[in-house]
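Okay, structure first, notes after.
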């Protein structure tokens, strides 16, 4: 019988956990923040990814144009 070990990493992650905590605190009345700030971990993470991809695209475009 062969030993097979498999591990899968997954789960909620830091930003997801932070969002769940903020939503829980908002719904229980512990914090009185606007929903935009309660959901900030989601849109800030998304914005950082989009900015990174735009910068990467610009870098690739510039390096491609320099080769010609």
| request: Quote the FRET efficiency, to the nearest 0.05, computed for residue 27 versus residue 47 with a Förster distance R0 of 22 Å and r equal to the Cβ-Cβ distance. | output: 0.35
| Once fully extended, how much extra length lies between residue 37 and residue 60, figured as 0.36 nm per residue of separation less the alpha-carbon to alpha-carbon distance? | 4.9 nm
| field | Residue with peak Gaussian network fluctuation, the chain [Cα springs, cutoff 10 Å], from 28, 45, 19 | value | 28
| query | What 222 nm value per residue comes from the helices of the chain, counting each DSSP H run with n ≥ 4 as -39,500 (n - 2.57) and dividing by all residues, nearest 500 deg cm²/dmol? | reply | -23000 deg cm²/dmol
| For the chain, what does the alpha-carbon gyration tensor say about shape, rounded, prolate or oblate, given a ≥ b ≥ c as the root eigenvalues, a/c under 1.5 as rounded, and a/b over b/c as prolate? | oblate
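We did not get these values from a lab; they are worked out from the coordinates using the rules stated. Quantities reported herein were computed from a predicted structural model and do not represent experimental measurements. Quick reminder, even Gly has a Cβ in these numbers, built from the backbone with ideal geometry, and neighbours come from all protein chains shown.
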